[in-house]
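Chemist: Take a look at the following structure, please.
The values are calculated or read from the model by the stated rules, or taken from the named source; none is laboratory data. A quick note: this is a predicted structure, and the numbers were derived from the prediction, not measured. Cβ placement follows ideal geometry from the backbone for every residue including glycine, while neighbour counts extend to all protein chains displayed.
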Amino acid sequence: MKKNKSFLGIAILAFTMIITSCATTVTVSYMKPAKFNLSDYKNLAVATTEVKNAPIFTSSRIYIDYDNHRDSIRSGYDRLIPNEIADYYTSNVYSSLQNSGLFTLISPAKTDLMIKNLRYGISDSSKLYDMGADAIFTSEIEYLDYDEYPVYGDYIVIKNPDYDDDSSLSQYIQSDKRRVTIWQEAQMKISYSIIDLKDGSILASNSYTQTVKNSEDLNFYTTSLSADWMFEDIADTFIEKTKTDLFPHTVYTSLELMDNKPKNSLANEAMKLVKNNQLLQAETLFEQAWNEDKHLPSGYNAALLIEAMGDRTNAMYLMKEIYNETGSVDAMTAYSRMKSFDTSSSAAAQQIED
């Protein structure tokens with residue numbers, strides 16, 4: 001009997017976990033303002049990313065030492081990578097700034113001609129200013145490093161070439177080659193600054209450091225490795241951070257609908273409609289259940305669906321009504337979140353308008 005109770009408890013726990021994991025959600029969006037408000041600086045000169053510190057490798061190959069011979073493959077790193085990544089970041093940031101529609105840009109090619117030495121600052125900002133620029137976007141790979149090395153595993157087992165002539169021998173034997181994995185590690189620190197051309201003050205800046213690790217199992221066909229993609233991954237992450245620093249952007253978040261407790265038949269039908277993505281029909285039923293029975297989950301869910309369909313003002317109005325009628329802490333929390341999202345969206349819209 002004790003054993004059966006234990007089994008029943010496990011079954012109930014498993015069922016509860018399934019129910020919890022199947023919660024019905026809707027997605028709402030809001031605008032988030034840029035971290036740095038550049039409303040007064042819409043004309044940017046963009047300089048090419050500089051490389052400050054990068055390793056110089058003396059060997060372009062990785063050597064693999066076996067018991068009685070040595071193999072090699074081409075290294076994943078070459079001396080062109082730092083400048084290639086600098087150009088990659090410059091190109092993608094320039095495209096992002098251009099596609100945002102928020103800035104008028106002077107290209108890196110033209111900007112670089114006006115600058116004698118980016119590493120130590122702008123030598124003649126007046127030329128850029130005369131070209132219409134309010135500020136200059138500079139960026140730098142402050143640090144870049146790469147390491148790769150072989151890790152040896154078990155010896156590879158092969159078919160015994162003498163087995164067909166003498167079946168008393170072992171069919172498989174250990175070869176003189178071992179399984180080899182090449183471990184790669186790329187690290188980079190990259191930064192940007194936006195500088196006011198009038199007074200040299202820094203309007204925006206950020207830096208990012210990341211390490212990317214990878215392992216490649218060698219096989220008969222492996223002749224070379226690649227490290228370019230590892231540094232591009234780091235640059236891509238920083239590009240996204242740069243965009244959220246400088247552009248108002250849309251954020252999406254999933255919100256759980258309130259469970260239909262106590263049970264309400266209209267709410268039950270509405271839940272089915274939500275799962276079929278029929279939000280307008282579902283909202284109508286939820287709101288009907290709220291108006292007729294003051295069914296808290298129905299009112300709460302109706303407000304979330306109104307928000308999900310893009311009308312946060314009326315969603316806030318309904319959620320506040322629900323709180324006033326029921327005193328629900330959940331309704332008050334949801335109302336506060338809606339208000340916060342609304343404030344954020346208004347600030348982002350103001351940045352775009354300005």
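Chemist: Which one of the conditions (1) under 22 Å from the mean Cα position of the chain (by Cα); (2) farther than 19 Å from LEU246 by Cα does SER100 fail to meet, given that it meets all the rest?
Modeler: SER100 satisfies every listed condition except (2).
Chemist: Please find, among THR237, THR250, THR211, the residue that is exposed (fewer than 14 other Cβ atoms within 10 Å of the Cβ), under 20 Å from ALA86 (Cβ atoms) and in contact (Cβ under 8 Å) with a residue 24 or more places away in the chain.
Modeler: The unique qualifying residue is THR211.
Chemist: Just to be sure before I move on: is ASP112 under 30 Å from GLN184 (Cα atoms) and either surrounded by 14 or more Cβ atoms within 10 Å (Cβ to Cβ) or of a type in the set (Asp, Glu) (or both) in the structure I sent?
Modeler: The answer is no for ASP112.
Chemist: Of these, THR343, THR326, which one is within 30 Å of LEU38 (Cα to Cα) and of a type outside the set (Asp, Glu)?
Modeler: So the residue among THR343, THR326 that is within 30 Å of LEU38 (Cα to Cα) and of a type outside the set (Asp, Glu) is THR343.
Chemist: I'm told ARG179 meets every condition in (1) within 30 Å of ASP71 (Cβ to Cβ); (2) of a type outside the set (Phe, Trp, Tyr); (3) outside any strand (DSSP E or B) except one. Can you identify the failing condition by its number?
Modeler: (3)
Chemist: Tell me yes or no: at least one residue of the range 62-76 is within 23 Å of MET188 (Cβ to Cβ), modelled with pLDDT of 65 or more and not in a strand (DSSP E or B).
Modeler: Yes: one or more hits.
Chemist: What number of residues within the range 307-321 are in a helix (DSSP H, G or I) and under 11 Å from ALA282 (Cβ atoms)?
Modeler: 1
Chemist: For the list (1) within 21 Å of ARG337 (Cβ to Cβ); (2) small (Gly, Ala, Ser); (3) assigned to a helix (DSSP H, G or I), I need the number of the one condition that ALA289 fails.
Modeler: Every condition holds for ALA289 apart from (1).
Chemist: Report the residue count in the range 256-302 for those that are under 17 Å from MET316 (Cα atoms) and surrounded by 15 or more Cβ atoms within 10 Å (Cβ to Cβ).
Modeler: Counting residues in the range 256-302 that are under 17 Å from MET316 (Cα atoms) and surrounded by 15 or more Cβ atoms within 10 Å (Cβ to Cβ) gives 14.
Chemist: Further question on the same structure: Looking only at the range 74-109, filter to residues that are in contact with a strand residue (DSSP E or B) (Cβ under 9 Å, 6 or more places away or on another chain) and among the small types (Gly, Ala, Ser); which one of those is surrounded by the fewest Cβ atoms within 10 Å (Cβ to Cβ)?
Modeler: Checked the range 74-109; the qualifying residue surrounded by the fewest Cβ atoms within 10 Å (Cβ to Cβ) is SER107.
Chemist: Please enumerate the residues belonging to the range 77-108 that are free of Cβ contacts under 8 Å to residues at least 12 places away in the same chain and either in a helix (DSSP H, G or I) or in contact with a Cys (Cβ under 8 Å, 6 or more places away or on another chain) (or both).
Modeler: Within the range 77-108, SER91, SER95, GLN98, ASN99 meet the criteria.
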